[in-house]
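Participant: Got a structure here, written out as structure tokens. Questions coming.
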Amino acid sequence: MDQQNDIALYEKFGCPPINLSFIESQRRRLCFRNERSLYTRKCDATGETIISAYSPDKPFKIYKSDYWYGDKWDPLEYGQEFDFSKNFFEQFEHVHLKVPRLSLMNVKGVNSDYCNMTYYNKNCYLVFGSDLNENCMYGTLAMRNISCLDIDYSNENTLCYEICDSINCYGCQFAFDSKNSNGCYFISDCLGCSECILCTNLVQKSYCIENKQYSKEEYFEKKKELINGAFSNFKKLFEKFLRLRAKRIVKFSHTVNCVNCTGDYLKNSKNCINSFDISDSEDLKNVVFASKSKDCFECGLLGDGTELCFNVISTFAAYNSKCSQFVIESSDIEYSKYILNSKNIFGCIGLRHKQYCILNKQYSAQEYKDLRQRIISHMKQTGEWGQFFPAKLSDCGYNETSAHDYFPLKKEEALAQGYLWKDEEQKAPQPQTVEVPNNIADTNENIIKEILQCESCKKNYKILAQELNFYKKSSIPIPHLCPNCRHRRRMDTRNPRMLLARKCQKCLANLQSSYAPDRPETVLCEKCYLQEVY
């Protein structure tokens, strides 16, 4: 039945089967998306030093944001006629190499210059793949949050720190898989809780520590001892939390308010099959990450308002589009990259407010319609139609991309499968670092002038003034890990994006779960989980 449904979906989008496994299909798309790897380089138009998602050795022209969006250049100047004696991808590569790139994919951001793959953020810093946030720092794929730091895959939270897969929380620190909670520390799988520490699987509880109930007075006395702003104390608490979390009861899938869905990390969605990291969406299949999207198949990283798309990645309000990357508020886009506010575009790159273009060349509506049909017939003959761009057309190495974050490969493995790889650059000697303060109470304003060294990767990082202010107000110690290592630590708490066969450990019902059978948690079907926890 599932295979028949896939065939019907391919026919719906007018494309042949991809013939790749779910993971390989996702890798093919994700290897085109660089969220987190940023570099210092020159703008090729102005010569100014800029921050860019493209390292200086990349062969493309890179323009800073205001120049790229300005009227001093025209992407149609790089257009070319379609040659039916050659395959499509070969011709697209010629345009692909010539058209200047935008330094960062940061659409309509306000005072958020160090963000990438983002939309409508305000006063944000090092926020990636996240939209509609305000006053946030160090976030990945997080939506509609206010004044949060170190936040991943979490929506609609305020004044939170180090949280992952949590919704509508206020003033929480180290909260995972939790919802509608406030003033909690080191919690997992909690719902509607307030003022709880080191707790799991609680519902509508207050003043609990290690799942033990205390009076309000007893709780706050103990809280003073536990949450005191000392790094050594926070480290012990986090290590204890991980041990407690490994013993918790879990539902076989992280699903909240979902109907007829399979996959993991699904919220408020309907008819989403074999999909992961989905919120407020419906009728999706084989999708990794989507927010408020509908009727899409074989896609990844879909932003709000994306609908009727096939084999696309990195969208916001894209409609009826295929085999494309970074499509923003556009419709009827095919085999194109970096298209904004456009429609009826085929095989183009870097267009804004355009229509009826093929290989960056302008056509009339009827010319476009006729030529598009001829090219599709040609691509069907060459076996290109319906397939995503070849990996060699990626703008970055596999290890710079979301593919490596989601489905990591070693360099040898990546190269053997045809992916590109970015070797570490030789860097000048780093300036002398200073010891990271152990207690926030001992920290002064001079910390923002010092360079710290990450305890894990040994790379240097700095603390910004507004960041330090947040830590002081919230009694949070200065982190001893750089932002990337903190992100990786949070990712290590998440399940892999794949389903495995296992059984409910209570009723022995057959399950498809991202919890492998050898995991330490007690994994239950939904019915048994509700009986145990609620």
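The values are calculated or read from the model by the stated rules, or taken from the named source; none is laboratory data. Please read these numbers as outputs of a predicted model, since none were measured by experiment. Here Cβ is always computed from backbone atoms with ideal geometry, including for glycine, and neighbour counts include all displayed protein chains. SASA here: full protein model, heavy atoms, side chains in, ligands and nucleic acids out. Shrake-Rupley method; radii C 1.70, N 1.55, O 1.52, S 1.80 Å.
Participant: Do we have any residue at all in the range 243-257 that's without any contact (Cβ under 8 Å) to a residue 40 or more places away in the chain and over 30 Å from LYS285 (Cβ atoms)?
Facilitator: Yes: the range 243-257 contains one or more residues that are without any contact (Cβ under 8 Å) to a residue 40 or more places away in the chain and over 30 Å from LYS285 (Cβ atoms).
Participant: The conditions are (1) touching an Asp or Glu at 6+ places or on another chain (Cβ under 8 Å); (2) over 25 Å from TRP421 (Cβ atoms); (3) in contact (Cβ under 8 Å) with a residue 24 or more places away in the chain, and LEU393 fails exactly one of them. Which is it?
Facilitator: (2)
Participant: Quick one: in the range 303-331, which of the residues that are within 13 Å of LEU351 (Cβ to Cβ) and not polar (S, T, N, Q) is most open to solvent (accessible area, probe 1.4 Å)?
Facilitator: Once the filter is applied, the top-ranked residue is GLU329.
Participant: Determine whether TYR54 is assigned to a helix (DSSP H, G or I), open to solvent by 10 Å² or more (accessible area, probe 1.4 Å) and in contact with a Ser or Thr (Cβ under 8 Å, 6 or more places away or on another chain). Spell out how you get there, then give the answer.
Facilitator: Details: assigned to a helix (DSSP H, G or I): no; open to solvent by 10 Å² or more (accessible area, probe 1.4 Å): yes; in contact with a Ser or Thr (Cβ under 8 Å, 6 or more places away or on another chain): yes.
Judged against the criteria, TYR54 is not a match.
Participant: In this structure, is TYR207 modelled with pLDDT of 95 or more and touching a helix residue (DSSP H, G or I) at 6+ places or on another chain (Cβ under 8 Å)?
Facilitator: On the way: modelled with pLDDT of 95 or more: yes; touching a helix residue (DSSP H, G or I) at 6+ places or on another chain (Cβ under 8 Å): yes.
For TYR207, the condition - modelled with pLDDT of 95 or more and touching a helix residue (DSSP H, G or I) at 6+ places or on another chain (Cβ under 8 Å) - is met.
Participant: Okay, moving on. Could you list, in sequence order, all residues of the range 137-163 that are free of Cβ contacts under 8 Å to residues at least 24 places away in the same chain, open to solvent by 10 Å² or more (accessible area, probe 1.4 Å) and of a type in the set (S, T, N, Q)?
Facilitator: Step one: filter the range 137-163 for residues free of Cβ contacts under 8 Å to residues at least 24 places away in the same chain, giving 139, 142, 144-146, 148, 151, 154, 156-158, 160, 163.
Filter again for open to solvent by 10 Å² or more (accessible area, probe 1.4 Å), leaving 144, 146, 156, 158.
The one that is free of Cβ contacts under 8 Å to residues at least 24 places away in the same chain, open to solvent by 10 Å² or more (accessible area, probe 1.4 Å) and of a type in the set (S, T, N, Q): THR158.
Here's the yes/no breakdown for (1) free of Cβ contacts under 8 Å to residues at least 60 places away in the same chain; (2) closer than 26 Å to THR40 by Cα:
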position	(1), (2)
ASP113	no, yes
LYS122	yes, yes
CYS169	yes, no
ASP177	no, no
CYS208	yes, no
GLN213	yes, no
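Participant: Test each condition in (1) open to solvent by 50 Å² or more (accessible area, probe 1.4 Å); (2) assigned to a strand (DSSP E or B); (3) touching a Leu at 6+ places or on another chain (Cβ under 7 Å) for PRO59 and report the one that comes out false.
Facilitator: It fails just one condition, (2).
Participant: Moving to a separate point now. Checking HIS378 against (1) open to solvent by less than 40 Å² (accessible area, probe 1.4 Å); (2) part of a loop (DSSP other than H, G, I, E, B), which single condition isn't satisfied?
Facilitator: Against the list (1) open to solvent by less than 40 Å² (accessible area, probe 1.4 Å); (2) part of a loop (DSSP other than H, G, I, E, B), HIS378 comes up short only on (2).
Participant: Please go through the range 65-91 and give me each residue that is more than 28 Å from ILE51 (Cβ to Cβ) and in a helix (DSSP H, G or I), ordered by number. Explain how you work it out, then say what you get.
Facilitator: Pass one, the range 65-91, residues more than 28 Å from ILE51 (Cβ to Cβ): 79-91.
Those that are more than 28 Å from ILE51 (Cβ to Cβ) and in a helix (DSSP H, G or I): PHE88, PHE89, GLU90, GLN91.
Participant: On to the next question. Just for strands (runs of 3 or more DSSP E) wholly inside the range 179-252: which have at least 2 residues that are among the polar types (S, T, N, Q)?
Facilitator: 194-200
Participant: Still on this structure, I have one more. Report, by residue number, each residue of the range 370-382 that is under 11 Å from PHE346 (Cα atoms) and more than 35 Å from the chain's Cα centre (by Cα).
Facilitator: LEU371
Participant: Among the residues of the range 372-386, what is the count of those that are closer than 10 Å to PHE84 by Cβ and aliphatic (A, V, I, L, M)?
Facilitator: 1
Participant: Shifting gears a bit: Look at PHE289 and say whether it is open to solvent by 10 Å² or more (accessible area, probe 1.4 Å), assigned to a strand (DSSP E or B) and either out of contact with any Ser or Thr (no Cβ under 8 Å at 6 or more places or on another chain) or without any contact (Cβ under 8 Å) to a residue 24 or more places away in the chain (or both).
Facilitator: Numbers: open to solvent by 10 Å² or more (accessible area, probe 1.4 Å): yes; assigned to a strand (DSSP E or B): yes; either out of contact with any Ser or Thr (no Cβ under 8 Å at 6 or more places or on another chain) or without any contact (Cβ under 8 Å) to a residue 24 or more places away in the chain (or both): yes.
Answer is yes for this residue.
Participant: Here's a follow-up. Among the candidates VAL288, VAL259, single out the residue that is in contact with a helix residue (DSSP H, G or I) (Cβ under 7 Å, 6 or more places away or on another chain) and either closer than 17 Å to ALA142 by Cβ or of a type in the set (Val, Ile, Thr) (or both). Full working, then the answer.
Facilitator: Details: VAL259 fails: in contact with a helix residue (DSSP H, G or I) (Cβ under 7 Å, 6 or more places away or on another chain).
Going through VAL288, VAL259 in turn, just one is in contact with a helix residue (DSSP H, G or I) (Cβ under 7 Å, 6 or more places away or on another chain) and either closer than 17 Å to ALA142 by Cβ or of a type in the set (Val, Ile, Thr) (or both): VAL288.
Participant: Additional query: Kindly provide the set of residues from the range 25-51 that are surrounded by fewer than 19 Cβ atoms within 10 Å (Cβ to Cβ) and β-branched (Val, Ile, Thr), ordered by number.
Facilitator: THR40, THR46, THR49, ILE51 - these are the residues of the range 25-51 that are surrounded by fewer than 19 Cβ atoms within 10 Å (Cβ to Cβ) and β-branched (Val, Ile, Thr).
Participant: Can you name the strands (runs of 3 or more DSSP E) wholly within the range 477-526 that have at least 2 residues being buried (at least 17 other Cβ atoms within 10 Å of the Cβ)?
Facilitator: Details: elements: 500-503, 510-513, 522-524.
The qualifying strands (runs of 3 or more DSSP E) are 510-513, 522-524.
Participant: Kindly indicate whether ASN233 is more than 23 Å from ARG502 (Cα to Cα), open to solvent by 70 Å² or more (accessible area, probe 1.4 Å), touching a helix residue (DSSP H, G or I) at 6+ places or on another chain (Cβ under 9 Å) and not β-branched (Val, Ile, Thr).
Facilitator: Numbers: more than 23 Å from ARG502 (Cα to Cα): yes; open to solvent by 70 Å² or more (accessible area, probe 1.4 Å): no; touching a helix residue (DSSP H, G or I) at 6+ places or on another chain (Cβ under 9 Å): yes; not β-branched (Val, Ile, Thr): yes.
Criteria not met by ASN233.
Participant: Among the residues of the range 407-425, how many are open to solvent by less than 70 Å² (accessible area, probe 1.4 Å) and either touching a Cys at 6+ places or on another chain (Cβ under 6 Å) or under 21 Å from VAL288 (Cβ atoms) (or both)?
Facilitator: Result for the range 407-425: 6.
Participant: Continuing with the same structure: Kindly provide the set of residues from the range 118-136 that are in a loop (DSSP other than H, G, I, E, B) and open to solvent by 60 Å² or more (accessible area, probe 1.4 Å), ordered by number. Can you show your working first?
Facilitator: So in the range 118-136, the residues in a loop (DSSP other than H, G, I, E, B) come out as 120-121, 123-124, 129-130, 132-133, 135-136.
Within the range 118-136, TYR120, LEU132, ASN135 qualify.
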